[in-house]
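The values are calculated or read from the model by the stated rules, or taken from the named source; none is laboratory data. Just so you know, these numbers come straight off a predicted model, no measurement behind them. We place every Cβ from the backbone using ideal geometry, glycine too, and count neighbours over all the protein chains shown.
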Amino acid sequence: MRAGQLICILVCFIVLMVVSGGCAYTKKDVVEIPCAVADNISYTADIAPIIEANCAGCHSAASLTSGILLDNYDGLKYYAQNGYLYGDISHAPGFRAMPDGEAKLNNCIIATIKKWIDTGTPH
């Protein structure tokens, strides 16, 4: 094999590697599959457990550090119906990102809360 042919093959190989590098799988390419949100969402069955797990540390009568009570239906309903609950948990501009100092809730939890709000905050 002549040197010219060898160089040509090597250049083609390098070009192929560079071009195919754009096809490589990276973690950021993973598309999140939308979750299935139930049709009949209620405060008692669906929302109260989410609030207990993610919000009660600061927003309950037992450990009130924020001044905002969300550990009962009436308190949560007020914040849900005035737009603060969804604005805060979805990290919308102009709202305070919640949970404070922690990662944003996952999209399924946010979708569940949004559906509860959109269906009239059923108890």
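Restricting to region 38-73, what's the tally of residues that are assigned to a loop (DSSP other than H, G, I, E, B) and small (Gly, Ala, Ser)?
The total comes to 5.
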> Does Gly101 satisfy the condition of being at pLDDT below 90 and part of a loop (DSSP other than H, G, I, E, B)?
Replying inline: no
> If you check every pair at least six apart or on different chains, which have Cβ atoms under 9 Å apart with a residue in region 47-71 that is touching a residue at least 60 places away in the same chain (Cβ under 8 Å) and over 14 Å from Asp88 (Cβ atoms) first and a residue that is of a type in the set (Val, Ile, Thr) and assigned to a loop (DSSP other than H, G, I, E, B) second?
Replying inline: Ile47/Ile41; Ile47/Thr121
>> What pairs come out if I take residues in region 81-94 that are touching a residue at least 12 places away in the same chain (Cβ under 8 Å) and assigned to a loop (DSSP other than H, G, I, E, B) and pair them with residues that are of a type in the set (Gly, Ala, Ser) and surrounded by fewer than 15 Cβ atoms within 10 Å (Cβ to Cβ) whose C-beta lies under 8 Å away, six or more apart or interchain?
In response: none
>> Given the criteria surrounded by 14 or more Cβ atoms within 10 Å (Cβ to Cβ), at positive phi and not charged (D, E, K, R), does Thr121 qualify?
In response: yes
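Mind counting the residues in region 74-91 that are loosely packed, with under 14 Cβ neighbours inside 10 Å and either touching a helix residue (DSSP H, G or I) at 6+ places or on another chain (Cβ under 7 Å) or closer than 18 Å to Asp46 by Cα (or both)?
Going through region 74-91, the residues loosely packed, with under 14 Cβ neighbours inside 10 Å turn out to be 74, 81-83, 91.
From what is left, the residues that are either touching a helix residue (DSSP H, G or I) at 6+ places or on another chain (Cβ under 7 Å) or closer than 18 Å to Asp46 by Cα (or both) are 74, 81.
Residues flagged as loosely packed, with under 14 Cβ neighbours inside 10 Å and either touching a helix residue (DSSP H, G or I) at 6+ places or on another chain (Cβ under 7 Å) or closer than 18 Å to Asp46 by Cα (or both) within region 74-91 amount to 2.
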> Can you tell me which of Gly94, Gly4, Gly67, Gly22 is under 27 Å from Asn107 (Cα atoms), surrounded by fewer than 11 Cβ atoms within 10 Å (Cβ to Cβ), modelled with pLDDT under 90 and not polar (S, T, N, Q)?
Replying inline: Gly67
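Against the definition (among the charged types (D, E, K, R) and surrounded by 12 or more Cβ atoms within 10 Å (Cβ to Cβ)), how does Asp39 come out, yes or no? Give the steps one after another, and end with the answer.
On the way: among the charged types (D, E, K, R): yes; surrounded by 12 or more Cβ atoms within 10 Å (Cβ to Cβ): no.
It is false that Asp39 is among the charged types (D, E, K, R) and surrounded by 12 or more Cβ atoms within 10 Å (Cβ to Cβ).
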